[in-house]
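The next block holds one structure in the form of structure tokens; read it before the comments.
The values are calculated or read from the model by the stated rules, or taken from the named source; none is laboratory data. Quantities reported herein were computed from a predicted structural model and do not represent experimental measurements. Ideal geometry is used to build each Cβ from the backbone, glycine not excepted, and the neighbour counts take in all protein chains shown. Ligands, DNA and RNA are excluded from the accessible area calculation, which covers all protein heavy atoms including side chains. Shrake-Rupley method; radii C 1.70, N 1.55, O 1.52, S 1.80 Å.
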Amino acid sequence: YPLKYITRAEVITILDNAIKKLCNEPKEYNGNVSGTVIINTSNVTIKDMEIKGDLIISEGVGNGNVVLNNTNVLGNTIVRGGGDKSIYIEGNSKISNLLINKTDEGAIRIKTSAGVIIDSTVVEDTKNNVILEGSFNNINVSNGKNITLTNCKIEKLEVNSENSSLEVSENAEI
């Protein structure tokens, strides 16, 4: 009945069904997941995992590190936490949609290694420095403050924000 109050048990069931894996301890996680995965602490490694859903790197990571190694995310990868030496994407990882929207203060860096495929990257961040290093297929800056591209290989770059500052290192290829 839509007009009845929801019980505590029903709320827990809804959350349990929505979040399939919560990474809240600093360690390595693996195994395939169908649903949403949330990383809520630093020093987490996701290895040899296929996520049929979204991956959320939350504010709980702070300025700490997260490593995605041989990880395939079929949904969105939403980055809301991390620091200027934080998010490493390695191995043969494949990210369909990377959304950068850090909510707390401080720069954030996403670094990819050889073999990584990131189809689409959207920078939605409004107040922090975003540092991108490595290979990215398509980058769209919809609302970024300061974006630094260093040692980058980028297929397509689109800036749709009047207030964005873009710094491109001499080692970048667009």
> Got a sec? Which of Asp119, Asp125 is modelled with pLDDT of 90 or more and among the acidic types (Asp, Glu)?
Replying inline: Asp119
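Does Asn43 fit the bill of being out of contact with any Asp or Glu (no Cβ under 6 Å at 6 or more places or on another chain), among the polar types (S, T, N, Q) and modelled with pLDDT of 95 or more? Walk me through how you get there before you give the answer.
On the way: out of contact with any Asp or Glu (no Cβ under 6 Å at 6 or more places or on another chain): yes; among the polar types (S, T, N, Q): yes; modelled with pLDDT of 95 or more: yes.
When the stated conditions are applied, Asn43 passes them.
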> Quick one: how many residues across the range 95-111 are open to solvent by less than 10 Å² (accessible area, probe 1.4 Å) and either within 16 Å of Lys156 (Cβ to Cβ) or in a strand (DSSP E or B) (or both)?
Replying inline: 5
> Among the residues of the range 110-136, how many are within 10 Å of the chain's Cα centre (by Cα) and not hydrophobic (A, V, I, L, M, F, W, C)?
Replying inline: 1
> Among Gly83, Gly62, which is the only one that is open to solvent by less than 30 Å² (accessible area, probe 1.4 Å), in contact (Cβ under 8 Å) with a residue 40 or more places away in the chain and farther than 22 Å from Glu155 by Cβ?
Replying inline: Gly62
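Which one of these is farther than 18 Å from Ile139 by Cα, in a strand (DSSP E or B) and polar (S, T, N, Q): Asn92, Asn72, Asn76?
Details: Asn92 fails: in a strand (DSSP E or B); Asn76 fails: farther than 18 Å from Ile139 by Cα.
Within the list Asn92, Asn72, Asn76, the selection yields Asn72.
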> Out of all the residues in the range 112-146, which are closer than 20 Å to Glu59 by Cα, out of contact with any Cys (no Cβ under 7 Å at 6 or more places or on another chain) and surrounded by 19 or more Cβ atoms within 10 Å (Cβ to Cβ)?
Replying inline: Thr121, Val122, Val123, Asp125, Asn128, Val130, Ile131, Gly144
> If you scan the range 25-50, which residues turn out to be within 22 Å of Ile108 (Cα to Cα) and either open to solvent by 80 Å² or more (accessible area, probe 1.4 Å) or free of Cβ contacts under 8 Å to residues at least 24 places away in the same chain (or both)?
Replying inline: Glu25, Pro26, Lys27, Glu28, Val37, Ile38, Asn40, Thr41, Asn43, Val44
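Identify, from the list Glu158, Glu167, the residue that is touching a Ser or Thr at 6+ places or on another chain (Cβ under 8 Å), among the acidic types (Asp, Glu), assigned to a strand (DSSP E or B) and open to solvent by 50 Å² or more (accessible area, probe 1.4 Å).
Details: Glu158 fails: touching a Ser or Thr at 6+ places or on another chain (Cβ under 8 Å).
Checking each option against the conditions leaves just Glu167.
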